[in-house]
Each structure stands twice: as structure tokens, then as C-alpha cells.
Amino acid sequence: MLKDIAISFLAKRRKKAIVKWATHPIDNQKKILKKLIDFGKKTVFGNDHNFDNIKSYNDFKKNVPIVDYEGIKKYINQIKEGRKNILWPGRPKYFAITSGTTSGEKYIPITKESLPHLLQGTKDALLMYIANTGRTDVLNGKFIFLQGSPVLDEIRGIKTGRLSGISAHHAPFFLKQTQLPSYKTNCIEDWEEKVDAIVEETVNQDMRILGGIPPWLQMYFEKLQKASGKPIGETFKNFNLLIYGGVSYTPYKNKFEKLIGRKVDSIEVYPASEGFFAFQDKQESNDLLLILNAGVFYEFISEMDFLKSKYNRVSIEDVKTRVNYVLIVSTNAGLWGYNTGDTVMFTSTNPFKIIVTGRIKQFLSAFGEHVIVKEVENAIEQTCASTGMVVNEFTVAPKVSHDNTASYHEWFVDFDTEIKDLKTFEQTLDLKLQRQNKYYKDLIQGKVINPLKIRRVSKKAFNTYMDSIGKLGGQNKIPKISNDRKIADQLYKLKLVTKG
């Protein structure tokens, strides 16, 4: 087919371009920083931070502080009031709304310069997959990416909505005619109702690519299986590519394999409102290629330094593998020294590849153990593999004892089927976590804390919890770990915790 030939040609050409920038990473980052500073000189932020005198990266670090959303909120407010040239020349094309823990809703600017790069990431991931595998057939059927509503509001002429809703208006040309669901269905606000409608629209279609955030893909798969009475791989006989991002796939892997019923290829992507940062470029490895030529200048602060308020930032020139870093970005959307809140670890510096390890605010260290998201995800995946159990979802909180009994980690787990030997699963999980985190191991062996305890939760407990706080659906997801008991207490309050 002419279409297959054209797509194959496009994929190979794009792969060459990707390999080219990936082999000149430092030069690309230096050029991006210089270009960003040149644009920044024309802004209020640039004037406030002495951009005219920035001649080097060291100058940049001296003049541009590390900030979170609160640090740029006064500039965002000026943009929302209708002012120009505040963080970036002109005014943003969009505001992407994200949920904040301390700032409420956050309004992340997207400019005409940053938008093409935000949209290119998924296209590059897909084209790289086709170039490496030759599988143009994945584009010969229908495609779906579960996303937020494409209905956008406006603030002083700036269109505003969820990133996935914004992206829905810019589907790649080679997917536009085959993308589902319909616009009407995509606009449904109630998430359960929306997924039901998506199932109805897709169950009899030739779906070949399915994408979204794992917890919401899981909901879609479960409803689809109930409607068809068959595994997803039988319902969609030509389905062969799963695209996911937003949260780690690790805790969902066993459940997805069961729901799909056969092996399919998968691609992990790392999109955020602040930029599209990385994608999986090879099927044989799970790490992600950091995108180094797309209007984003990256800096990194080791997690240990960050938690001590030592903001010793480095560029990619000086990063090391196997160190957990907080990801800092400056972008052509007008973010400067912006703390994304994400933590990443380099698996390679030639080319620069990463794994996403969690969120800097999502850790568990009530007893000095500093357990991170990646460690609990690895522990539960390994436990499921060794016990044959499947976990739908989980979250972990500290349980601090105020009597003579030792404290412990309390795990709230939604098992796929009834577990017959909870004690063995519990003990195995504790040992796996000890192997992941030496500080946790020392606390257990020193009897400072007791081994973890598992509380089973009712089916759909986490959906009920998310609904209770008004965050069911879209890009929202349950935190895997917390250093407090807000989630745990709410699960008990809603009577979602069963025996065990």
C-alpha cells in the first residue's frame, strides 16, 4: 500500500533526525540555553533576573533561582491579567491546568514555540517504533488515547484546559482519520460515564493502538472485557501496541497481561504540561531517551542535596548514572529553573537515557528510611511474580504507634482475586522491600519498626477515594506512597478497608 510505503519512509527519516541530535547532546543543550536566554531578554522575568549579563551557564545559575509554581505565580497572574512579554515574548497560546498540592490549580503556559515540541514527542515515539520494527500495520486500523475533555475555557483570550484535552485538538495527520472516541464522547465530564461510552464506541472496531495513563486504561480494559466477555487481545485481534505514560507501568504489568491475554508491544512516554521530556526508543530496553533538542534546557539536583536544601544543580554534562535526581527545566514556554517535582535516574549517558523514579514530594520517611516510589513498585512487582498474585492498585502510608508496639508501613492493596495466603504475600513483600532499600532493612532488622502490614480494600476502593476528592478520571492518579496518613485515614473513613 502507498500509505505503508509513505509511513515507512517518514519513520526512517525521523529516526535519522533523532539519532543525529542524540549523538550531539551537549552541543544541542548549549544552543538551546543560549536561544532561551536571547528570548528571555525580551521579558519582564529576564529584566528582573539580569538576563542581559548572562554569558555562560554559571552566570545563568547565579541569576536564575530554582523555583516551584509558587515562585512563578506572580508572573502567571500578570499573564492572566492580559499583560504581554512576562515570562516569554508575547502571550501563551494555551494554559495547561494541572493539580497542585499547595498552590491549588496550576496554570502552565504553552507557547507557539513550545506547542510543536509537546506534540512531537508521541509522534516520534510511534515513528521510532515503526522504523525499528517495520510494523506499519499498526496504523491500518483505529487508535485511541484516553484523555481529558477537549472542551477548553478562556482566560483573556488564552485557551485553557487539561494537557490531554489540548492535545486532542492536534492529532497527528496520519492518525486523525482513525482516532477514537468521537468528539461528543470525549467531551463527557463524568469519567465512569465517559469510559462506558468509549467501550460502546470501540468494542466492535479494529483497534490497533491503545494509549493512556495505566489506571484509566485498566478501567477501560475491565469494562471492555465485561462487555465483550473476552480478553482484550481477542476482542481486538489486531491490537499490537500499547502506549502509556503519566505513571509507572510496573504495578499494572501483571494485571494488563491478564486482561489482554497475549503479548503486545508497548511504548512508554514521558509527557508533562511543562514539556515532552522522553520516550522509549527501543523495544528491547525500558529506559527512555531524553529529548535534547526540543526547546527544553535540563538541570539536575541530586535528591539527597535537594532534601537538605542544597540546590547544587548540574547540566547533562555532569550527571552520573544510578543517582536519583530532581528534574529542573527551563523552556521555550517561559519556565525558568522550574522544579518539575519529578525524580529521574540516568541509566546511560551515551546516549542520555533515564527512568522516572517518582516525585520528590512522594516518599516515605516517617522513620528515616526514605523509601521512594520506584522501590515500592519494584517490590510489589517482584512479589506478584513470585506468588502468582495480581494487584490492581495500592498505596502505602506510615503507621506511627503511640503505645508500646512498634510502628510499621501500612499497605492498602486491591487484589485482583481473593488472596488465600495473605501472610506469605506480606512477608515476601517485606523482604523484597528490604532488598530495595537498605535503610528500611536496617530499621526492620534493628526492630525499630515492625514488618509491613497489608490491608485489603474493597473493589474500586481507589476510584471511590479519587471520586470523593473530586479527582476521578483525566490525568489524576492515586499516589503510591505518602509520608502522612491523609489517604489512609480517608480510606478508613469511607469504610473501604476490609479485613486483613
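The values are calculated or read from the model by the stated rules, or taken from the named source; none is laboratory data. Values in this document were obtained by computation on a predicted structure and should not be read as measured data. Reconstructed Cβ throughout: ideal geometry from the backbone, glycine too, with neighbour counts over all protein chains shown. Protein only, heavy atoms only, side chains kept; ligands, DNA and RNA dropped before computing areas. Shrake-Rupley method; radii C 1.70, N 1.55, O 1.52, S 1.80 Å.
I'd like the residue in segment 417-434 that is closer than 19 Å to Val373 by Cα and touching a residue at least 40 places away in the same chain (Cβ under 8 Å) and, out of all such residues, is surrounded by the fewest Cβ atoms within 10 Å (Cβ to Cβ). In this case the residue turns out to be Thr428.
Taking segment 337-358, which residues are touching a strand residue (DSSP E or B) at 6+ places or on another chain (Cβ under 9 Å), part of a loop (DSSP other than H, G, I, E, B) and either open to solvent by 10 Å² or more (accessible area, probe 1.4 Å) or free of Cβ contacts under 8 Å to residues at least 12 places away in the same chain (or both)? Give the derivation first.
Taking segment 337-358 first, the residues touching a strand residue (DSSP E or B) at 6+ places or on another chain (Cβ under 9 Å) are 337-349, 351-358.
When the remaining residues are screened for being part of a loop (DSSP other than H, G, I, E, B), the result is 337, 351.
Within segment 337-358, Pro351 is the sole residue that qualifies.
Listed by first and then second residue, the pairs linking a residue in segment 111-129 that is closer than 20 Å to Ile7 by Cα to a residue that is open to solvent by 10 Å² or more (accessible area, probe 1.4 Å) and among the hydroxyl-bearing types (Ser, Thr, Tyr), with Cβ atoms under 9 Å apart and 6 or more places separating them unless they lie on different chains, are Leu119/Ser167; Gly121/Tyr270; Thr122/Ser167.
If the condition is being of a type outside the set (Phe, Trp, Tyr), crowded, with 18+ Cβ neighbours inside 10 Å and part of a strand (DSSP E or B), then segment 315-336 contributes Asn324, Val326, Leu327, Ile328, Val329, Ser330, Thr331. I want to confirm something. Restricting to segment 20-29 and keeping residues that are farther than 30 Å from Gly134 by Cα and touching a helix residue (DSSP H, G or I) at 6+ places or on another chain (Cβ under 8 Å), which single residue is least open to solvent (accessible area, probe 1.4 Å)? Out of the qualifying residues, it is Gln29. Would it be correct to say that Tyr311 is open to solvent by 30 Å² or more (accessible area, probe 1.4 Å) and under 16 Å from Lys61 (Cα atoms)? Yes; evaluated as a whole, the condition is true for this residue.
Scanning segment 42-55 for residues that are of a type outside the set (S, T, N, Q), more than 32 Å from the chain's Cα centre (by Cα) and over 14 Å from Pro65 (Cα atoms) gives Lys42, Asp52, Lys55. For beta carbons closer than 8 Å, sequence separation of 6+ or different chains, a first residue in segment 226-249 that is among the aromatic types (Phe, Trp, Tyr) and open to solvent by less than 20 Å² (accessible area, probe 1.4 Å) and a second that is assigned to a helix (DSSP H, G or I) and at pLDDT 95 or above, the qualifying pairs are Phe239/Ile232; Phe239/Gly233; Phe239/Ile260.
Out of all the residues in segment 276-289, is one or more aliphatic (A, V, I, L, M), at pLDDT 95 or above and open to solvent by 10 Å² or more (accessible area, probe 1.4 Å)?
No; the residues of segment 276-289 include none that is aliphatic (A, V, I, L, M), at pLDDT 95 or above and open to solvent by 10 Å² or more (accessible area, probe 1.4 Å).
When Ala17 is tested against (1) open to solvent by 20 Å² or more (accessible area, probe 1.4 Å); (2) more than 27 Å from the chain's Cα centre (by Cα), exactly one condition is not met: (2).
Checked against the criterion of being more than 27 Å from Lys432 (Cα to Cα), touching a residue at least 24 places away in the same chain (Cβ under 8 Å) and not hydrophobic (A, V, I, L, M, F, W, C), the candidates Gly368, Gly334 yield just one match: Gly334.
For segment 1-14, the set of residues classified as part of a helix (DSSP H, G or I) and open to solvent by 60 Å² or more (accessible area, probe 1.4 Å) consists of Leu2, Lys3, Ile5, Phe9, Lys12, Arg13, Arg14, listed by residue number.
The helices (runs of 4 or more DSSP H) found wholly in segment 154-204 and carrying at least 2 residues that are surrounded by fewer than 16 Cβ atoms within 10 Å (Cβ to Cβ) occupy 183-186, 191-202.
Mind checking which residues of segment 2-43 are of a type in the set (A, V, I, L, M, F, W, C), without any contact (Cβ under 8 Å) to a residue 40 or more places away in the chain and over 18 Å from Lys55 (Cβ atoms)?
First, pick out the residues of segment 2-43 that are of a type in the set (A, V, I, L, M, F, W, C): 2, 5-7, 9-11, 17-19, 21-22, 26, 32-33, 36-37, 39.
Filter again for without any contact (Cβ under 8 Å) to a residue 40 or more places away in the chain, leaving 2, 5-6, 9, 17, 19, 37.
Once the filter is applied, which keeps residues that are of a type in the set (A, V, I, L, M, F, W, C), without any contact (Cβ under 8 Å) to a residue 40 or more places away in the chain and over 18 Å from Lys55 (Cβ atoms), segment 2-43 yields Leu2, Ile5, Ala6, Phe9, Ala17, Val19.
The set of residues in segment 359-402 that are surrounded by fewer than 21 Cβ atoms within 10 Å (Cβ to Cβ) and assigned to a helix (DSSP H, G or I) comprises Lys374, Asn378, Glu381, Gln382, Ala385, Ser386, Thr387.
Can you pull out the helices (runs of 4 or more DSSP H) entirely within segment 28-117 that have at least 3 residues that are of a type in the set (Val, Ile, Thr)? I'd like the intermediate steps shown before the answer.
Details: elements: 44-48, 57-63, 69-80.
In segment 28-117, the matching helices (runs of 4 or more DSSP H) lie at 69-80.
Does Tyr311 qualify as being in contact (Cβ under 8 Å) with a residue 12 or more places away in the chain and part of a strand (DSSP E or B)? So Tyr311 does not fit the description; no.
Annotation note: of Leu491, Leu472, Leu452, Leu496, the sole residue that is in contact with a helix residue (DSSP H, G or I) (Cβ under 9 Å, 6 or more places away or on another chain), modelled with pLDDT under 85 and crowded, with 18+ Cβ neighbours inside 10 Å is Leu472.
Residue pairs whose Cβ atoms lie under 7 Å apart, sitting 6 or more positions apart in sequence or on different chains, and linking a residue in segment 54-76 that is open to solvent by 40 Å² or more (accessible area, probe 1.4 Å) to a partner that is part of a helix (DSSP H, G or I) and among the aliphatic types (A, V, I, L, M), are Tyr57/Leu33.
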